[in-house]
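Step one of this worksheet: look at the structure below.
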Amino acid sequence: MINMKRRTFLKGSVAAGAVSAAVGAGLLTPRMVLAAWPTNAFQAKSVDSALDALSGSHALEGSDKISIRAPDIAENGAVVPVSVTTTIDGVESISILAEKNATPLTASFVLGPTTEGFVSTRIKMGKTSSVIAVVKAGGKLYSTGKEVKVTIGGCGG
Amino acid sequence: MASIKIRAKVSDGVTTVKALVKHPMETGQRKDKKTGKLIPAHFIQEVTCEHNGKAVMTALWGPAISKNPYLSFKFKGASKGDTLKLSWVDNRGEKDSVETQVS
């Protein structure tokens, strides 16, 4: 319940000056304010609308400075290990999307200034699709993709 | 509720954090085989890792993260013996956190 209050507080006070006061007082860093869970982005049914909801844009620029490590064939769609590494400077966040999942956005990692451009996790994939890594740096979105074949889907069932 | 296993190791100034959380990560799309009813969604929404009280990484997760999620990332600026705090909160407001020393 405490958490619910915190969430309401964060959402409700963005318009009011409470947050900026808190930021000024050093209670909240801007990063923490941004961290309110983006419901719309996670419920979006397409890659474009998920990115719109998450970052306000889906203008992706292909980049060879991002690499995705994921299996070519995932036997079990419920557990697909995915690692994203990028050498882009000033990375703000790394998001991982599975293009053909019912809701493509799987995760978005907000990185601190001292954090390296690397994240690794395990995702669920409903069917064979492309895994897209979106790196936000300097207000722009860079992306790369990798096709992962799924033999047994990991959503529903 | 010790739901988190975490390891943080520093080498050449870069700390690698690996964490494993015990959580069902229910999508809300699966049906209970016996009753045919949908199993309500239950998944971690936010994982935060703090070093000296500063967030080094905040992960926003949807239900498409695998059951018993694994997470790894790297950051600079920590030294041996520093305290790292990792905490998560799920869509039902349940939460847990753990503190560990960088080794």
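The values are calculated or read from the model by the stated rules, or taken from the named source; none is laboratory data. Please read these numbers as outputs of a predicted model, since none were measured by experiment. Don't worry about glycine lacking a Cβ; one is built from the backbone with ideal geometry, like all the others, and counts go over all protein chains shown. Only protein heavy atoms, including side chains, enter the accessible area calculation; ligands, DNA and RNA are left aside. Shrake-Rupley method; radii C 1.70, N 1.55, O 1.52, S 1.80 Å.
The table below gives the values:
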quantity	calculated
Sequence ranges B:67-76, A:91-100, ranked by mean other-Cβ count within 10 angstrom, highest first	A:91-100, B:67-76
Accessible area buried at the A-B interface, both sides summed, 1.4 Å probe (Å², nearest 100)	3000 Å²
Given A:Lys124/B:Lys34; A:Lys149/B:Lys9; A:Lys100/B:Lys9; A:Lys45/B:Lys54; A:Lys100/B:Lys33, the pairs whose alpha carbons are separated by over 29 Å	A:Lys149/B:Lys9; A:Lys100/B:Lys9; A:Lys45/B:Lys54
Most to least packed among A:115-122, A:71-78 [average Cβ atoms within 10 Å]	A:115-122, A:71-78
Net charge of Cβ neighbours under 11 Å - reference B:Lys76; Lys, Arg +1; Asp, Glu -1	-1
Over segment B:1-88 - Rg/Rh using Cα atoms and the Kirkwood inverse-distance radius	1.11
Contact order relative to length of segment A:49-157, as percent, for alpha carbon pairs under 8 angstrom and 6 or more apart	34 percent
Net charge, A:Ser129 excluded, C-beta distance under 12 Å - Lys, Arg +1, Asp, Glu -1	+3
For residues of A:97-107, the mean tally of beta carbons on other chains within 10 Å	3
Shielding of B:67-77 by partner chains, average beta-carbon count, 10 Å	6
Among A:103-114, A:141-152, the order from most to least packed when residues are scored by Cβ within 10 Å on average	A:103-114, A:141-152
Percent carbon-and-sulfur accessible area, chain B, ignoring ligands, DNA and RNA, probe 1.4 Å	48 percent
Charge dipole (debye, nearest 20) of segment B:4-101; +1 at Cβ of Lys and Arg, -1 at Cβ of Asp and Glu	420 debye
Net charge contributed by nearby residues that have their C-beta within less than 10 Å of B:Gln101 (K/R +1, D/E -1)	-1
Debye equation applied to the C-alpha atoms of segment A:106-157, log10 I(q)/I(0) at 0.13, 0.25, 0.28 Å⁻¹	-0.42, -1.08, -1.23
Residue mean of other protein chain beta carbons inside 10 Å, A:83-90	0
